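Asks: I'd like to ask you about the structure that follows.
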Amino acid sequence: MFGKPKINPYEEDLKQLIACMKEATSGKNAPVDVSLFHDAQVGEAFNALIRSNFTSNNVFVMRMNDAMKEIGDSSVVKNMIEEVNSQAGVVGSIHSSGEDLERSITNVQYAVQNIQKNSRDLTTTTQDCASEINESILTIEESSREVNEINTKLLDFRENAANITKIIDQIKDLADNSSLLALNASIEAARAGEAGRGFAIVAQQMGELSKNTTGCADSVVNYINELLSNLDILAGSVKETTRHLQQGTDNVSQSVKNMDKMAAKIDDMNANVDAIFEEINTQSALTEEFIALGNTVAGGFDRLNAECFTTGEHLFKISRRVDGVRSDMARGRAELLPLDWITVFEVDHLIFTWRQYNNLVGFEHLKIEQVNNPKGCKLGKWLAAQTDKRITGSAAFKQTYDRHNDLHRHAVNCFNASAKGDREEALAHFERAYDSYKQLMGALGDLRRVMRSAGYTEETNISK
């Protein structure tokens, strides 16, 4: 009859150790119950290995966490991208202004060309007007000479008319004498009687002739007086005409002098316009060079913008990969201390904050569920799991809770503004989220001090 197989304790402990190692390699790094081993030292050695692994992983995680403070802070990337975007806008404005300047200079060129043409036409017109006025002066001077000749003839005619009056006076004197002789002859004929009848008839005829002569002389005198009066009026008109002609000649001569001055000023203006036109041509050439250089700068800025974006995206991908290792190690390969978790939460929300900017610029595409989850993130779960009233009853705990919710709220607003394409609004909400992150850091620092006061003093030393 066979008895029970004899148990080999070393083989049993080996099998138990192999089973524990398999669990450890699968991610279950919990210490084992040493009573499961025949030799308790085997279990204690395994637990020592696990604790050593945890300690090493804690150091690794916290060093990774420390590194992520630098890697996860995208301030430099943001400043670079925003500055390039801003400068690209400035370059675009300069380029647009250069084109506007070119159009303005072209318009000025056309305007100055028209001014040149009009100035030259004005010069020609002024010269023609001056020439015509000079001819007019000659005509007026000729007319003045003719009027002066008429005036001279009028004076001669008036003098002759005055002489006629003198002759008429002599004729009237002769007629008076003839009338007196006729009267005497009539008296003598009457004395002579029949013998003097023929003589009386002659005397009567002489008397009538004398009377008619006197009448005609008076009429001639009246006509002569009227003619002299008209001659005086005509002489006055001729004199006034002469004065007006002289005044006209003086005015026209002054106009010619003024036109000569104007022509000189027009010549100066033409010279200035020509100089301006040359200057504008120079400016036009410089503007063309400026626009060509602006096009080159604009093209270079486009490339710089693309390179900055690519660099930022590359840094983002590095950050995400490093953060993935940190998060995986923290959750499954380490056993962090409470104060360690406070430090991890700080870095978690630094990365969370900058992911909002990464989403804004297109480095990654978040979902609203990843943003609007203050209770689902590690800090939210940790806050909900705390039961130590020394911690949960503190002002620092409440501040941490409130600032954490503020951060997620502003992040949601940033996400929504970015989703609708309003970049300016999204940037404004991001700045608010970043301010909330800094306030959260202050609250977590206060909470760390509260926890130390409550006896939570241990934390991983990464300087070893």
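The values are calculated or read from the model by the stated rules, or taken from the named source; none is laboratory data. Everything quoted here is computed from the prediction, not taken from an experiment. Heads up, the Cβs are rebuilt from the backbone with ideal geometry, glycines too, and the neighbour counts pull from every protein chain shown.
Asks: Just wondering, is there one or more residues in the range 386-395 that are at pLDDT below 90 and either closer than 18 Å to Ser327 by Cα or not in a helix (DSSP H, G or I) (or both)?
Replies: Taking the range 386-395 and keeping what is at pLDDT below 90, we get none.
Taking every residue of the range 386-395 in turn, none turns out to be at pLDDT below 90 and either closer than 18 Å to Ser327 by Cα or not in a helix (DSSP H, G or I) (or both).
Asks: Working carefully through the options Tyr357, Tyr401, find the one that is over 16 Å from Ser327 (Cβ atoms) and in contact with a Phe, Trp or Tyr (Cβ under 7 Å, 6 or more places away or on another chain). If you could, list the steps in order and put the result at the bottom.
Replies: On the way: Tyr401 fails: in contact with a Phe, Trp or Tyr (Cβ under 7 Å, 6 or more places away or on another chain).
One residue alone meets the criteria, Tyr357.
Asks: Can you tell me how many residues within the range 18-41 are at pLDDT 75 or above and touching a helix residue (DSSP H, G or I) at 6+ places or on another chain (Cβ under 6 Å)?
Replies: 9
Asks: Would you check if Asn416 is part of a helix (DSSP H, G or I) and closer than 18 Å to Asn359 by Cβ?
Replies: Working: part of a helix (DSSP H, G or I): yes; closer than 18 Å to Asn359 by Cβ: yes.
Taking the combined requirement at face value, the residue satisfies it.
Asks: Right, Arg403: out of contact with any Gly (no Cβ under 7 Å at 6 or more places or on another chain), modelled with pLDDT of 95 or more and of a type in the set (D, E, K, R) or not?
Replies: Values: out of contact with any Gly (no Cβ under 7 Å at 6 or more places or on another chain): yes; modelled with pLDDT of 95 or more: yes; of a type in the set (D, E, K, R): yes.
Yes; evaluated as a whole, the condition is true for this residue.
Asks: Let me ask something else. For the range 372-427, enumerate the residues that are among the aliphatic types (A, V, I, L, M) and over 23 Å from Val347 (Cβ atoms).
Replies: Taking the range 372-427 first, the residues among the aliphatic types (A, V, I, L, M) are 379, 383-385, 391, 395-396, 407, 411-412, 417, 419, 426-427.
The answer is Ala395, Ala417, Ala419, Ala426, Leu427.
Asks: Could you check how many residues of the range 361-378 are under 25 Å from Leu427 (Cα atoms), at pLDDT 90 or above and part of a helix (DSSP H, G or I)?
Replies: Summing the residues that are under 25 Å from Leu427 (Cα atoms), at pLDDT 90 or above and part of a helix (DSSP H, G or I) in the range 361-378 gives 4.
Asks: Shifting gears a bit: Somewhere in the range 361-368, is a residue touching a Cys at 6+ places or on another chain (Cβ under 6 Å) and surrounded by 21 or more Cβ atoms within 10 Å (Cβ to Cβ)?
Replies: Of the range 361-368, the ones touching a Cys at 6+ places or on another chain (Cβ under 6 Å) are none.
Looking for residues that are touching a Cys at 6+ places or on another chain (Cβ under 6 Å) and surrounded by 21 or more Cβ atoms within 10 Å (Cβ to Cβ), one finds none in the range 361-368, hence no.
Asks: Quick check, is Val61 under 30 Å from Asn461 (Cβ atoms), modelled with pLDDT of 80 or more and either hydroxyl-bearing (Ser, Thr, Tyr) or surrounded by 12 or more Cβ atoms within 10 Å (Cβ to Cβ) (or both)?
Replies: Numbers: under 30 Å from Asn461 (Cβ atoms): yes; modelled with pLDDT of 80 or more: no; either hydroxyl-bearing (Ser, Thr, Tyr) or surrounded by 12 or more Cβ atoms within 10 Å (Cβ to Cβ) (or both): yes.
Considered against the rule, which asks whether it is under 30 Å from Asn461 (Cβ atoms), modelled with pLDDT of 80 or more and either hydroxyl-bearing (Ser, Thr, Tyr) or surrounded by 12 or more Cβ atoms within 10 Å (Cβ to Cβ) (or both), Val61 comes out as no.
Asks: Could you please give the count of residues in the range 418-447 that are farther than 25 Å from Gln399 by Cα and exposed (fewer than 15 other Cβ atoms within 10 Å of the Cβ)?
Replies: Count: 6.
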